[in-house]
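Undergrad: First the structure, then my questions, so here it is.
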Amino acid sequence: MSKLFLGNTKIDFHKLSNRFYKIFIIEMIIFLSIILLTISGLLVLNLSIDFTGGTLYEVNNNSNVSTTDIEDIVNTLELNVTRYESLNEGDIYRFRTNEGSIDQENSVLTELSKFFNTPKDEIGFQRVGPTFGSEISKQGLRALIIFITFISLLISYRYEYKFAIIALIALLHDLLMCVCIYILISIEITPATIIAILTVLGYSLYDTVVIFDKLKDSSKKQKQTSISKDVLNSTFNEIIMRSINTSLTSIIPVLSLILVGNHLGLKGALSDFAIPLVIGMISGTYSSIFVTVPFLSRFLTK
């Protein structure tokens, strides 16, 4: 550990690259299998009502209903509840349901009024159409395409096109990992999730580009025009602890956001943004080393 902290390790990354490459192939097979299972309907991508449409109810907990009783309430409602959350330490509950008829919505209002001892006219009620989420998705996809195109050109100009391809492979790995985790755990995807994922892609790419820059500087110092096995090994031995430290110092504040959000009753709003950030930061650190190494070793090392 002391050698790792000081950057004095002597790990043969070039020798391990074949093993890393096999792990990457296995990961991609798993990711694609999850995506195919989702497309076939065996797994579900849990989209919020911002994407699917639905109804939002917000009710004061005047009866001091406990969290354990909420499941019983949810099961009695006429419309399917896709998500519920507590605000202000259980003083307010927010329910999101699938879109229904006016009679079904009135039935839900009546049941909530009875359970929480709150007049119907004091229950927050809002119909949400899928247009907003669809627009967010289109804008996010457009931003992603522009971002990838610009970054690819910039990296190709600064280094060479092979570096850009490797950076995009690492980026794809992080994106698929984040999406597949959301599918497997069935975490709800909201517009805040899309924004957080786009933020994470920038973080992941930054970590990868820093490594590229370090490799180029190391090659210049040793007066080499290409990346040698020695340069690859020495560079990654030097930066592995830096990457870990950078991730830890970034993840700790994000985790504190989740903890503080739970304490203040802002669980939904902050978790939607913070959870993909944590997943992406961990994945980004992993890919900047264990995904870039095998491709650098195969395509650029001489």
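The values are calculated or read from the model by the stated rules, or taken from the named source; none is laboratory data. The structure displayed is predicted, hence computed values, not measured ones. Every residue, glycine among them, receives a Cβ derived from its backbone with ideal geometry; neighbour counts consider all protein chains shown.
Undergrad: State whether one or more residues within region 185-204 are assigned to a helix (DSSP H, G or I), modelled with pLDDT of 80 or more and aromatic (Phe, Trp, Tyr).
TA: no
Undergrad: Name the residue, out of Val260, Val254, that is surrounded by fewer than 20 Cβ atoms within 10 Å (Cβ to Cβ) and either modelled with pLDDT of 80 or more or under 18 Å from the mean Cα position of the chain (by Cα) (or both). Outline the logic, then answer.
TA: Working: Val260 fails: either modelled with pLDDT of 80 or more or under 18 Å from the mean Cα position of the chain (by Cα) (or both).
Just a single option satisfies the conditions, and that option is Val254.
Undergrad: Something else now. Select from region 148-202 the residues that are crowded, with 19+ Cβ neighbours inside 10 Å and of a type in the set (Phe, Trp, Tyr) and write down the one among them that is nearest to the chain's Cα centre (by Cα).
TA: Tyr182
Undergrad: Yes or no: Ile181 assigned by TED's automatic domain parsing to the domain that holds Ile151, more than 16 Å from Thr285 (Cα to Cα) and in contact with a Phe, Trp or Tyr (Cβ under 8 Å, 6 or more places away or on another chain)? Steps first, answer last, please.
TA: Numbers: assigned by TED's automatic domain parsing to the domain that holds Ile151: yes; more than 16 Å from Thr285 (Cα to Cα): yes; in contact with a Phe, Trp or Tyr (Cβ under 8 Å, 6 or more places away or on another chain): no.
Taking the combined requirement at face value, the residue does not satisfy it.
Undergrad: Right, here's the next one. Could you list all residues from region 177-193 that are among the hydroxyl-bearing types (Ser, Thr, Tyr) and out of contact with any Ser or Thr (no Cβ under 9 Å at 6 or more places or on another chain)? If you could, list the steps in order and put the result at the bottom.
TA: Narrowing region 177-193 to residues among the hydroxyl-bearing types (Ser, Thr, Tyr): 182, 186, 190, 193.
Answer for region 177-193, where residues must be among the hydroxyl-bearing types (Ser, Thr, Tyr) and out of contact with any Ser or Thr (no Cβ under 9 Å at 6 or more places or on another chain): just Ser186.
Undergrad: Which of the following residues is among the acidic types (Asp, Glu), modelled with pLDDT of 75 or more, touching a helix residue (DSSP H, G or I) at 6+ places or on another chain (Cβ under 9 Å) and assigned by TED's automatic domain parsing to the domain that holds Gly124: Glu58, Glu78, Glu99, Glu89?
TA: Details: Glu58 fails: touching a helix residue (DSSP H, G or I) at 6+ places or on another chain (Cβ under 9 Å); Glu78 fails: modelled with pLDDT of 75 or more; Glu89 fails: modelled with pLDDT of 75 or more.
The conditions single out Glu99.
Undergrad: (1) among the aromatic types (Phe, Trp, Tyr); (2) in contact with a Ser or Thr (Cβ under 9 Å, 6 or more places away or on another chain); (3) not in a strand (DSSP E or B): which one isn't true of Phe147, the others all being true?
TA: Among (1) among the aromatic types (Phe, Trp, Tyr); (2) in contact with a Ser or Thr (Cβ under 9 Å, 6 or more places away or on another chain); (3) not in a strand (DSSP E or B), Phe147 violates only (2).
Undergrad: With the requirement that a residue be over 28 Å from the mean Cα position of the chain (by Cα) and under 23 Å from Gly129 (Cβ atoms), what does region 75-108 give you?
TA: Leu77, Glu78, Leu79, Gly100, Ser101, Ile102, Asp103, Gln104, Glu105, Asn106, Ser107, Val108
Undergrad: May I ask you to verify whether Thr110 is in the same structural domain as Tyr203 (by TED's automatic domain parsing) and either surrounded by fewer than 15 Cβ atoms within 10 Å (Cβ to Cβ) or in contact with an Asp or Glu (Cβ under 6 Å, 6 or more places away or on another chain) (or both)? Steps first, answer last, please.
TA: Working: in the same structural domain as Tyr203 (by TED's automatic domain parsing): no; either surrounded by fewer than 15 Cβ atoms within 10 Å (Cβ to Cβ) or in contact with an Asp or Glu (Cβ under 6 Å, 6 or more places away or on another chain) (or both): yes.
So Thr110 does not fit the description; no.
Undergrad: Follow-up. Quick check, is Thr208 under 25 Å from Leu153 (Cβ atoms) and either touching a Lys or Arg at 6+ places or on another chain (Cβ under 6 Å) or at pLDDT below 80 (or both)? Give the steps one after another, and end with the answer.
TA: Working: under 25 Å from Leu153 (Cβ atoms): yes; either touching a Lys or Arg at 6+ places or on another chain (Cβ under 6 Å) or at pLDDT below 80 (or both): no.
Spelling it out, it is not the case that Thr208 is under 25 Å from Leu153 (Cβ atoms) and either touching a Lys or Arg at 6+ places or on another chain (Cβ under 6 Å) or at pLDDT below 80 (or both).
Undergrad: With Glu105, Glu122 as the choices, which residue is in contact with a Leu (Cβ under 8 Å, 6 or more places away or on another chain), assigned by TED's automatic domain parsing to the domain that holds Val59 and among the acidic types (Asp, Glu)?
TA: Glu105
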